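The values are calculated or read from the model by the stated rules, or taken from the named source; none is laboratory data. All values reported here derive from a predicted model rather than from experimental measurement. Virtual Cβ from ideal backbone geometry, glycine too; neighbours counted across all protein chains shown.
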Amino acid sequence: MAHHIVELIAQYGLLLVFINVLVEQAGAPVPAVPTMIVAGALAAADRLPLAGVLLVAVVACLLADFAWYAAGRRFGGGVMRTLCRISLSPDSCVKQSELHFQRWRGGVLLLAKFVPGLSTVAPPLVGAMGLRPGPFALFDGLGSLLWVGVAVCLGYVFANQIDYVLDALASAGSVALMLLCGLLALYIVAKWWQRHRLLRTLRMARITVQELNAAIVAGKMPAIIDVRSEAARMMDARVIPGALLADVNSVDRIVGEVPIESELVIYCTCPNEASAALVAKALMARGYKRVRPLLGGLDAWYAAGYPVDQLPVVVEVEASTV
């Protein structure tokens, strides 16, 4: 098996490396690291040019990443919600990426390719949050070169043991496959059960956008709480008029500002109103009796044609702030 892989890469050379990396970085589950390792070994044997391997792999990364980045710049939070909906964990798939971006800004691209799941999410995320093309190209190029360089250098250094390395990778994959599938199944079941319990608890407590608008028109203004993260509001500046800006970690702040006898409506833009439901559940545990997530969240409110305000425009991220 290992020899067949080596001969295949030797025959098609740089083109195969380019296509494999491009497809993987576009989001397809086709690992490119083994291909780059073998290409590095072939470069050590003078069967492929080392500089050429590095160049085509980095160019492939940049092409795929720029496509995601442009989608993030053009469509903003819509791209992130699409990625979120197809994620195994749609309630929190972008949340950790948002936290990484808030902490490191464009620097998250330096190590994004080494973090499972972050490689695909990071380019559209930084695009949606206003990172300019220049800094994006710099950080993404350096991050791509680092990722490609590690894989290619691994093959280059261990060129004499390439058969052993490939066989070891294949053996590890077959041995770990059953364990990985079992853990994945347990993870999916746990997430499904967690969401099922949460939605079952709060299903009867939801409020529709029509009901909320009718209450506002009738002068029965509830306390409206926007629990999106700061990063999510950077991507989508819409907000329901009069909403208190908080997040899933701001329950204490909400308790401090909203009287316990008030009626509260919590909204977000995440699938199944997961963040809103979590905050609503926490507030109910604090003694609030009338607290409901907004069914469909901000998107449903906007789609119904009800008014929204715009938060102040955030200045695009400059190179000096990344």
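Of everything in the range 268-306 that is buried (at least 24 other Cβ atoms within 10 Å of the Cβ) and under 17 Å from Asp252 (Cα atoms), the residue that is nearest to the chain's Cα centre (by Cα) is Ser275.
You will find that of Phe75, Phe136, the residue that is outside the structural domain of Ser275 (by TED's automatic domain parsing) and modelled with pLDDT under 90 is Phe75 and no other.
One line per residue, one yes/no per condition, for (1) part of a helix (DSSP H, G or I); (2) acidic (Asp, Glu); (3) touching a Pro at 6+ places or on another chain (Cβ under 6 Å); (4) under 25 Å from Val121 (Cβ atoms):
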{"site": "Lys220", "(1), (2), (3), (4)": "no, no, no, no"}
{"site": "Arg233", "(1), (2), (3), (4)": "yes, no, no, yes"}
{"site": "Gly242", "(1), (2), (3), (4)": "no, no, no, no"}
{"site": "Gly256", "(1), (2), (3), (4)": "yes, no, no, no"}
{"site": "Pro259", "(1), (2), (3), (4)": "no, no, no, no"}
{"site": "Ala274", "(1), (2), (3), (4)": "yes, no, no, yes"}
{"site": "Ala282", "(1), (2), (3), (4)": "yes, no, no, no"}
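For the range 134-148, filtered to residues that are within 17 Å of Pro31 (Cβ to Cβ) and not hydroxyl-bearing (Ser, Thr, Tyr), the residue that is surrounded by the most Cβ atoms within 10 Å (Cβ to Cβ) is Val148.
Check the range 88-105 and report whether any residue there is within 16 Å of the chain's Cα centre (by Cα), at pLDDT 75 or above and aromatic (Phe, Trp, Tyr). Scanning the range 88-105, I find no residue that is within 16 Å of the chain's Cα centre (by Cα), at pLDDT 75 or above and aromatic (Phe, Trp, Tyr), so the answer is no.
Of (1) surrounded by fewer than 20 Cβ atoms within 10 Å (Cβ to Cβ); (2) modelled with pLDDT under 90, Leu50 satisfies all except one. Which? If we test Leu50 against (1) surrounded by fewer than 20 Cβ atoms within 10 Å (Cβ to Cβ); (2) modelled with pLDDT under 90, just (2) comes out false. Scanning the range 230-245 for residues that are more than 17 Å from Val308 (Cβ to Cβ) and surrounded by fewer than 20 Cβ atoms within 10 Å (Cβ to Cβ) returns a single hit, Glu230.
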